[in-house]
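What follows is a single structure, written as structure tokens, with notes after it.
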Amino acid sequence: MTEQDRHLEEVKKQAFSDYAKYINPMKVRTLNQAGIHIMEGRREGAAVWDITGRKYIDCQTGSGIMNVGRHNPEMVAVLKKALDSLDIGVFLFFSEQKANLAKKLAEITPGEDLNSTVFGVGGGEAIDAAIKLARGYTMKTEVIYTEKAYHGHTGFALSAIGRASYREPFEPLIPGFKMVPFNDIEAVRNTLTDNTAAIIVETIQGEGGINIPSDDYLPALRTICDEHETCLILDEIQTGLGRTGKMFGCEHWGVVPDIMTLAKSLGGGIYPISATIYKEEMQDFFIPHPFIHLSTFGGSDLGCVVALAAIEYIQKHRLCENAEKMGQRFKAGFDGILDQYPQLLLEVRQKGLMMGLQYTNESIGPRMTKKFAERGLLAVYAGTDSSVCRFMPPLTITAEEVDFILNVVEDAMQELSKEKGISSED
């Protein structure tokens with residue numbers, strides 16, 4: 001080990017110690033146990049390097065933040081140029097940057113009337129705005145959400161999260177929220193009342209384990225909402241902006257929501273921003289209440305510039321098409337691994353580059369996460385279900401990088417299959 005290597009190891013050790021002392025000791029311990037003892041250094045494309053120089057292919061990407069790639073040079077250049085003349089702006093005033101991004105979102109969202117936007121900073125804030133708008137517009141109070149749902153940790157969003165461990169320490173939460181199983185239309189029909197303001201679902205559940213709805217589910221929700229004057233809120237925070245092979249996940253099923261939320265990859269991996277996009281008719285709610293929902297940093301001028309550049313990059317480089325093409329390459333490899341290791345792998349779940357491997361038991365998820373990291377791959381088991389490993393690489397990923405990932409998965413599976421005590425009954 002060189003003197004420089006020893007220095008970097010000491011820097012890393014001290015930073016982890018400080019993080020544990022001043023931020024979150026259990027997070028450090030948990031990630032260490034999972035074998036993800038990584039301090040991000042250089043970032044490029046689908047790769048990230050530990051500060052000590054080890055390269056990893058990133059399939060975690062903050063659950064879909066990095067659609068245009070890690071440290072995309074075009075995004076960096078756009079932000080640097082904007083800093084020559086702009087700051088975040090004042091949320092109360094108007095700016096060309098806000099107007100340009102809102103207009104672009106109206107152009108790319110499905111249907112003809114998702115034309116209005118409220119900006120925020122993160123996904124939870126976007127969900128809060130969506131639920132507030134649905135309640136305010138309909139003058140109803142109940143909200144139906146689904147088991148294993150993940151919508152964020154803020155006020156209204158936390159009340160709609162389908163994981164008890166996130167909710168219980170903060171109960172009682174906002175009243176009126178009712179949970180039903182995901183992909184169960186009859187449960188929705190049995191739960192909905194004349195006081196239901198909204199049904200909120202992720203187009204595809206992410207943290208819940210890459211749960212893809214049946215083909216009739218979202219269209220049926222659209223019909224139910226139309227029949228009962230209830231808002232359909234689609235959370236596209238993970239599925240939006242090319243992840244599934246289309247610009248928005250709901251396009252696979254031909255469904256247009258009343259309200260759609262975007263965040264994560266909207267910021268190009270460079271600057272945080274979120275958006276709550278809603279049908280133009282719902283602007284009626286804001287006529288008597290123009291200042292009823294505000295965000296100091298939401299839709300900042302810098303964030304809007306980067307977000308517009310990220311959308312244009314996705315379009316210019318045809319990343320939706322690449323997500324579909326590389327997704328098919330993954331599918332062929334994963335299907336072969338499924339046939340080879342049925343004692344370890346139960347199912348492959350996939351739309352484009354939103355992918356999940358369903359293992360045969362919960363113990364395999366943490367073990368495979370560690371084995372992946374040892375081989376230079378970051379892919380982590382789902383927070384709600386450790387028997388599922390999520391793969392959400394940048395949409396810029398190349399065929400060579402896909403093949404590297406598939407080889408890592410197969411090698412790790414082979415090693416695990418030889419370990420004592422591994423079976424589908426573990």
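Just so it is clear, none of the values below were taken in a lab; they were calculated from the coordinates. Quick caveat, the model's predicted, so the values are computed rather than measured. Glycine also receives a Cβ, built like all others from the backbone with ideal geometry; neighbour counts cover every protein chain displayed.
Taking 14 Å as the straight-line reach from the Cα of Lys371, the aspartates and glutamates in range (excluding those fewer than 8 positions away in the same chain) are Glu410, Asp411, Glu415, Glu419. Computed from the Cβ-Cβ distance with R0 of 25 Å, the FRET efficiency linking Thr141 to Leu86 stands at 0.05. Here the spin labels are modelled as points 7 Å beyond Cα on the Cα-Cβ line, and at His37 and Lys103 they lie 5.4 nm apart. Scanning the chain for chymotrypsin sites (Phe, Trp or Tyr not before Pro) that sit in a DSSP loop and have at most 10 other Cβ atoms within 10 Å, the longest stretch containing none of them is 95-290. Annotation: average projected area of the stretch 98-152 is 4.9 square nanometres, based on the convex hull of Cα atoms across all directions. Footprinting exposure proxy ranking of Met413, Met66, Met26, fewest other C-beta atoms within 10 angstrom first, gives Met26, Met413, Met66.
Among Lys351, Lys81, Lys370, the largest mean-square fluctuation in a Gaussian network model of the chain, built with springs joining Cα atoms closer than 10 Å, belongs to Lys81. Pairs with C-alpha atoms separated by more than 25 Å, drawn from the list Lys104/Lys331; Lys81/Lys104; Lys279/Lys325; Lys104/Lys178; Lys81/Lys132, are Lys104/Lys331; Lys279/Lys325; Lys104/Lys178; Lys81/Lys132. Would you mind estimating how fast the stretch 69-188 diffuses translationally, via Stokes-Einstein at 25 °C and 0.890 mPa s with the Kirkwood radius over Cα pairs, in µm²/s? Rounded, D is 141 µm²/s. Here the extension length gained between Glu321 and Glu168 equals 50.9 nm, from 0.36 nm per residue of separation less the Cα-Cα distance. Each semi-axis of the equivalent ellipsoid for the stretch 73-316 is √(5λ) with λ an eigenvalue of the Cα gyration tensor; in descending order they amount to 29, 19, 17 Å.
May I ask you to derive the FRET efficiency for Ala332 and Glu281 from their Cβ-Cβ distance with R0 = 41 Å, giving the value to the nearest 0.05? Calculated value: 0.35.
Stretching Val28 away from Glu44 to a fully extended chain increases their span by 3.3 nm, per 0.36 nm per residue minus the current alpha-carbon distance. Cross-link partners of Lys103 among aspartates and glutamates, defined as those whose alpha carbon lies under 17 angstrom from its own and excluding same-chain residues fewer than eight positions apart: Glu112, Asp113, Glu280, Glu281, Asp301, Glu312. Between the stretch 1-61 and the stretch 338-374, what is the C-alpha centre distance in whole Å? First find each Cα centre; the distance between them is then 24 Å. Is the C-alpha gyration tensor of the stretch 206-309 telling us rounded, prolate or oblate? Criteria: a/c under 1.5 is rounded; beyond that, a/b larger than b/c is prolate, otherwise oblate. Since a/c reaches 1.5 but b/c is at least a/b, the shape of the stretch 206-309 is classed as oblate. Beta-bridge orientation, the stretch 73-316: approximately 40 percent antiparallel, per DSSP, counting only bridges with both partners inside. By how many degrees, between 0 and 90 and to the nearest 10, does the Cα long axis of helix 73-83 differ from the longest principal axis of the chain? Compared with the principal axis, the helix lies near 50 degrees. Its relative contact order, with pairs defined as Cα atoms under 8 Å and 6+ residues apart, puts the stretch 163-322 at 17 percent.
Each DSSP beta bridge with both residues in the chain is either parallel or antiparallel, and the antiparallel ones are about 65%.
Shown here for the stretch 253-348: trypsin sites (Lys or Arg not before Pro) in loop regions (DSSP other than H, G, I, E, B) with at most 14 other Cβ atoms within 10 Å, namely Arg318. Averaged over every viewing direction, what's the projected area of the C-alpha convex hull for the chain? Give it in nm², one decimal, please. Mean shadow area of the hull around the Cα atoms is 22.0 nm². Using a Gaussian network model on the chain with a 10 Å cutoff between Cα atoms, which of Pro342, Pro257, Pro272 fluctuates the most? Taking springs between Cα atoms under 10 Å, the residue moving most is Pro342.
Computing FRET efficiency as 1/(1 + (r/R0)^6) for Met1 and Glu362, where r is the C-beta to C-beta distance and R0 is 30 Å, gives about 0.20. Report summary: the helix-based calculation at 222 nm, which adds -39500 (n - 2.57) for every DSSP H run with n ≥ 4 and divides by the residues of the chain, gives -12500 deg cm²/dmol. For the stretch 134-189, the square roots of the Cα gyration tensor eigenvalues, ordered a ≥ b ≥ c, give a/c of at least 1.5 with a/b no greater than b/c, which places it in the oblate category.
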